[in-house]
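Accompanying notes for the structure given below.
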Ligand code: GLN
């Protein structure tokens, strides 16, 4: 298959959509991003890569960080994880408080904010004060790349305007589902959201998820088969919040989005993909990015369905 030609076609076909959607504006540091950025990268098992657009331009990975922290926690906590976080779609926005109260502080899944905050808390119980550097270390290891860091301005903006996230952590603390100091946990969570990566780097970073937990290039194992299956199934059912059904309907791949406009997606046993375009739809997922992935699976027939 001529992947490069397909990517070039997609880049042309998505152009009319740049007028739609809205860049994330919940924090000032993200509002400033140029709305017409676009990049899409494919990473194959044999090391081959294909990209269009600004493949090396770093952007805020935001909720895509939830994939990495969940992947870190799974081998440590195993089934214990499900005592504190469920594995069902929430059908609610990523930062919703309502359901959390009804369900006694147990988040629906690890890919909404509340669930990711519990995961961060679980990691802090293990790494005690070193959690954020461990998260960065993990991402560098799965990416086979040392050039990854976080954006301090975005992290500061997250903590200055993170009122809802702070409400979520306090609500869960009141239900005893947070063990560590809430300020400490949120500091780590805000920093992990502020990690900057390019589509090229992110597509490489999630390659092991397309290969049952083993990086097909370095041969390092990060998850066992069952853990990799669980993580991918949660990306399919929960990776796009209350638009996860729509993403499966349009794209048909396990995927995870972030409000920075990035989306990672997995083609099992073949490749990993990352697309970036900052304008979001009304559910907080990249509008152009979703369309680009939809075109990709339609043109290549690589949807899992
Ligand atoms: N930093 C964002 C938040 O916590 C992450 C959410 C997202 O990417 N959907 O609100």
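Values quoted throughout were computed directly from the atomic coordinates according to the rules given, and no laboratory measurement underlies them. Just so we're clear, the structure is a prediction, and the values are computed from it rather than from any experiment. Cβ atoms come from the backbone with ideal geometry, glycine included; neighbour counts cover every protein chain shown.
Counting neighbouring Cβ atoms within 10 Å and putting the fewest first, the residues 207, 97 line up as 97, 207. With R₀ set to 25 Å, the beta-carbon distance separating residue 270 from residue 15 gives a calculated FRET efficiency near 0.35. Taking label points 7 Å from Cα along the Cα-to-Cβ direction, residue 126 and residue 1 give a separation of 3.4 nm. Put in line by how crowded their Cβ is, counting other Cβ atoms within 10 Å and starting with the fewest, 57, 274 read 57, 274. To the nearest ten degrees, helix 3-13 and the longest principal axis of the Cα atoms of the chain are 80 degrees apart.
The calculated 222 nm mean residue ellipticity attributable to helices in the chain amounts to -13500 deg cm²/dmol, summing -39500 (n - 2.57) over DSSP H runs of n ≥ 4 and dividing by all residues. Find the relative contact order for the range 16-60 and round it to a whole percent, using C-alpha pairs within less than 8 Å whose residues are 6+ positions apart. Dividing the mean separation by the residue count of the range 16-60 yields 26 percent. In percent, rounded to a whole number, the relative contact order of the range 29-162 is 21, using alpha-carbon pairs under 8 Å and six or more apart. For the chain, relative contact order (Cα pairs under 8 Å, six or more residues apart, normalised by length) works out to 27 percent. The range 1-78 and the range 212-283 have Cα centres spaced 11 Å apart. Overall size of the range 1-144 from C-alpha positions, given as principal axis extents largest first: 48, 37, 30 Å. Computed over the alpha carbons of the chain, Rg followed by Dmax gives 17.7, 54 Å.
Please report 247, 132 as a ranked list, fewest other C-beta atoms within 10 angstrom at the top and most at the bottom.
Listed from fewest to most nearby Cβ atoms, that is 132, 247.
Please work out the FRET efficiency for the pair residue 57 and residue 218, using the Cβ-Cβ distance as r and a Förster radius of 30 Å; give the result to the nearest 0.05. Display every interim value, and only then the final one.
Values: r = 25 Å, r/R0 = 0.84.
Working from the Cβ atoms, E equals 0.75.
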